[in-house]
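Undergrad: Handing you a structure now.
The values are calculated or read from the model by the stated rules, or taken from the named source; none is laboratory data. Model, not experiment: these values are computed from the prediction. Here Cβ is always computed from backbone atoms with ideal geometry, including for glycine, and neighbour counts include all displayed protein chains. For the accessible areas, the whole protein counts, side chains as well, though only heavy atoms, and no ligand, DNA or RNA atoms are used. Shrake-Rupley method; radii C 1.70, N 1.55, O 1.52, S 1.80 Å.
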Amino acid sequence: MDDLFGSAAQDSDDGDNDADGDAAESAQSRSAQSRSAQSRSTQPRSPLAVRMRPRTVDEVVGQQHLLGQGSPLRQLAAGADAAGPAGPSSLILWGPPGTGKTTLAHVIARGPGRKFVELSAITAGVKDVRRVMDDALTARDLYKTTTVLFLDEIHRFNKAQQDALLPGVEKGWVVLVAATTENPSFSVVSPLLSRSLLLTLKPLTDADIEGLLVRAVEDPRGLNGNVRLSDEALEHLVRVSGGDARRALTALEAAAGVAFGDADDVGSSGAGEGDTEQTVTVELQHTERALDAAAVRYDRAGDQHYDVASAFIKSIRGSDVDAALHYLARMLEAGEDPRFVARRIVISAAEDVGMADPTALQTAVAAAQAVQLIGMPEGRIVLAEAVVHLATAPKSNAAYMGINKAIADVRAGLGNGIPAHLRDAHYPGSKQLGHGVGYKYAHDAPHSVAAQQYPPDDLVGRDYYEPTANGAERDIAVRLERLRKIIRGQ
């Protein structure tokens, strides 16, 4: 029995050991899978803007005016395979942030026979530049490899640092691709400018940004079709990007993260229904939460355009400076053309403020010119100053009403002829016609105001301009009364 039980016990132990071994092996396998999954999930991913960076010239969004066949950029990107006798040229890329300066540099770097070196003018110095030049010379002589030096923010380099680039650029040790957001004519030394091609990058259009976002959603390097963008969300992302591709992709990635977070919350509340993956839709609310910026409901080609502009002008006319600034902000945040806003301000200065504060029109015209000169976003400051001036100024539409009454009389057929003494008397025979006869030269009269008839006979005594008692027109009204009495001989 002991042997029997012993044998049975041994068999049982062996069986348990086998089961324990299988269980341990299974647990170990699951643990390894878990660690692998965890490793994949915790492995840092590059930002969407980096993953979506174009690899070829044909993938570049916008800047088509610089990417035509045979252009310097295409020749440089082709590398050693470039056709034609022209060698690679150093470039200075000038344009606003997010227009593709860094992207173009990386596309160029992918060309065959290229060695890519990247420096930032914020952190690099003369020593770094000279080290790159020495390495480039070695790469050229020993390995027949051309070094492409991408220098970001070159305008931050002082004259001595920029001068350190000259030997390598002039002798062809490196092909310099420099990027700047400031006018190179003022921020880059002349010898370096003369040895480089200056290419101006344009802000991306709304269509460019929209195409980029759609591609990022579908591309395996991007979101790989795991999300879908609603029309409202897409429009909001395009609007807030301001023509900046990097900002648009960063905003898309953040909004997708919010959308996935909401989907996870819904999935956890419905536990047990399966883990089937579904495409997540990025709605307008997700973009608003991700960017902490409400979508401004504003149709630049529809009713909102006219309604907000109307409310803006009426707030200025009504002297409500706070409401006027609100509508100004609303238009600017919605992407309204600041030149349109400036034109409306100029009109309001003449129509609603008028001669009650003659300096208002000067401020408005100066603001319109300044906006064209400096652009946005700084232009908002100039526009705000003009709005505050107009809204707080005394108001008068007397000049506006005066010209309207004069036009009404002309359209009614009034104002026949011109008094003979006011007609042109400079051509032969004019005197015989009575032209200029009896004309009184105003500067010969006391106070340079002469008593004589100026309007046509049927409009004598007609008053068009009726100044108000507001602002500067109080003084104008007193002076105007005296002038009319003198001129009309009353």
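Undergrad: Taking the full set of protein chains and a 1.4 angstrom probe, give the accessible area of residue 378 in square angstrom, rounded to the nearest 10.
TA: About 90 Å², ignoring ligands and nucleic acids.
Undergrad: Say each of residue 339 and residue 64 gets a label point 7 Å from the Cα, pointing the same way as Cα to Cβ; how far apart are those two points in nm?
TA: Each label point is offset 7 Å from its Cα along the Cβ direction, giving 2.2 nm.
Undergrad: Quote to one decimal, in nm, the extra length available between residue 138 and residue 433 on full extension: 0.36 nm per residue of separation minus the C-alpha distance between them. Present the calculation step by step, with values, prior to reporting the outcome.
TA: On the way: separation 295, 0.36 × 295 = 106.20 nm, distance 9.32 nm.
Taking residue 138 through residue 433 to full extension adds about 96.9 nm, to one decimal.
Undergrad: Which FRET efficiency, nearest 0.05, do residue 392 and residue 51 yield, Cβ-Cβ r, R0 60 Å? Mind showing how you got there, number by number?
TA: Numbers: r = 51 Å, r/R0 = 0.85.
So, using R0 = 60 Å, E works out to roughly 0.70.
Undergrad: If you roll a 1.4 angstrom probe over the protein chains with everything in place, what fraction of the accessible area of the range 437-490 belongs to carbon and sulfur, to the nearest %?
TA: Numbers: 2070 of 3900 Å².
Here carbon and sulfur together make up 53 percent of the probe-accessible area.
Undergrad: Considering only C-alpha atoms, what is the centroid distance from the range 224-253 to the range 338-402, in Å?
TA: Result: 35 Å between the Cα centres.
Undergrad: What does the charge count around residue 314 come to, taking other residues whose C-beta lies under 15 Å from its C-beta (Lys +1, Arg +1, Asp -1, Glu -1)?
TA: Details: positive: 317, 330, 344, 395; negative: 307, 320, 322, 351, 352.
Around residue 314, the surrounding residues sum to -1.
Undergrad: Zone of residue 416 (label point 7 Å along Cα→Cβ, backbone N under 11 Å): which residues in the range 436-466?
TA: In the range 436-466, the label zone of residue 416 (backbone N under 11 Å from the point 7 Å along Cα→Cβ) covers 457-458.
Undergrad: Could you compute the net charge surrounding residue 472? Neighbours are other residues with a C-beta less than 11 Å from the C-beta of residue 472; K and R count +1, D and E count -1. Walk me through the intermediate numbers first.
TA: Details: positive: 474, 479; negative: 357, 473, 475.
After counting each charged neighbour, the total is -1.
Undergrad: When N is the residue count of the range 298-398, what does its C-alpha Rg come to as a fraction of 2.2 N^0.38 Å?
TA: Details: Rg = 12.4 Å, N = 101, 2.2 N^0.38 = 12.7 Å.
Relative to the rule-of-thumb radius for its length, the range 298-398 sits at 0.97.
Undergrad: If amide hydrogens are placed 1.01 Å from N in the peptide plane, which non-local residues have theirs closer than 5 Å to the one on residue 197?
TA: Here 90, 91, 92 satisfy the definition.
Undergrad: What is the mean projected area of the alpha carbon convex hull for the range 176-233, to one decimal in square nanometres?
TA: For the Cα atoms of the range 176-233, the hull's average projected area reads 6.1 nm².
Undergrad: At 1.4 Å probe size, put 202, 144 in order of accessible surface, largest to smallest. Intermediate results must be reported in sequence, preceding the final value.
TA: Numbers: 202 115, 144 160 Å².
Ranked from most to least accessible, the order is 144, 202.
Undergrad: Relative contact order for the range 94-193 using alpha-carbon pairs under 8 Å, separation at least 6, rounded to a whole percent?
TA: Numbers: 143 pairs, mean separation 33.5, N = 100.
In percent, rounded to a whole number, it is 34.
Undergrad: Name the long-range amide H neighbours of residue 423: under 5 Å, sequence gap of 5 or more, or other chain; modelled H, no Pro or chain starts.
TA: 436
Undergrad: Evaluate the Kirkwood expression for the hydrodynamic radius of the range 400-455, namely the inverse of the mean inverse distance over all pairs of different C-alpha atoms, and round to one decimal in Å. Mind dumping the intermediate values first?
TA: Numbers: mean 1/r = 0.0745 Å⁻¹.
For the range 400-455, the Kirkwood estimate is 13.4 Å.
Undergrad: For residue 355, what accessible surface area do you get with a 1.4 Å probe? Give it in Å², rounded to 10.
TA: 80
Undergrad: Something else now. How much area per residue is accessible in the range 412-471 when the probe is 1.4 Å and only protein heavy atoms are counted (Å²)? All intermediate terms of the calculation are to be shown ahead of the outcome.
TA: Working: 4120 Å² over 60 residues.
Value for the range 412-471: 69 Å² per residue.
Undergrad: So if R0 is 25 Å, what FRET efficiency would residue 219 and residue 285 give, r being the distance between their Cβ atoms, rounded to the nearest 0.05?
TA: Details: r = 25 Å, r/R0 = 0.99.
With R0 = 25 Å, the Cβ-Cβ based efficiency is 0.50.
Undergrad: Note down the Stokes-Einstein diffusion coefficient of the range 336-490 in µm²/s, whole number, using a Kirkwood radius over alpha carbon pairs, 25 °C, and 0.890 mPa s. Write out the running numbers ahead of the final one.
TA: Working: Rh = 18.6 Å.
Rounded, D is 132 µm²/s.
Undergrad: Just how large is the dipole of the range 369-430 about the Cα centre, in debye to the nearest 20, putting +1 at every Lys and Arg Cβ and -1 at every Asp and Glu Cβ? It would help to have the intermediate numbers written out before the result.
TA: Details: 5 positive and 4 negative charges, 42 e Å.
The calculated dipole for the range 369-430 is roughly 200 debye.
Undergrad: Leaving out ligands, DNA and RNA, what percent of the accessible area of the range 42-188 is carbon and sulfur, probe 1.4 Å?
TA: The computed percentage sits at 51.
Undergrad: Going from the alpha-carbon gyration tensor of the range 102-184, what semi-axes, largest first and in whole Å, does one get by taking the root of 5 times each eigenvalue?
TA: On the way: eigenvalues 81, 48, 18 Å².
Its equivalent ellipsoid spans semi-axes of 20, 16, 10 Å.
Undergrad: At residue 450 and residue 232, where each label point lies 7 Å from the Cα along Cα→Cβ, what is the point-to-point distance in nanometres?
TA: 7.1
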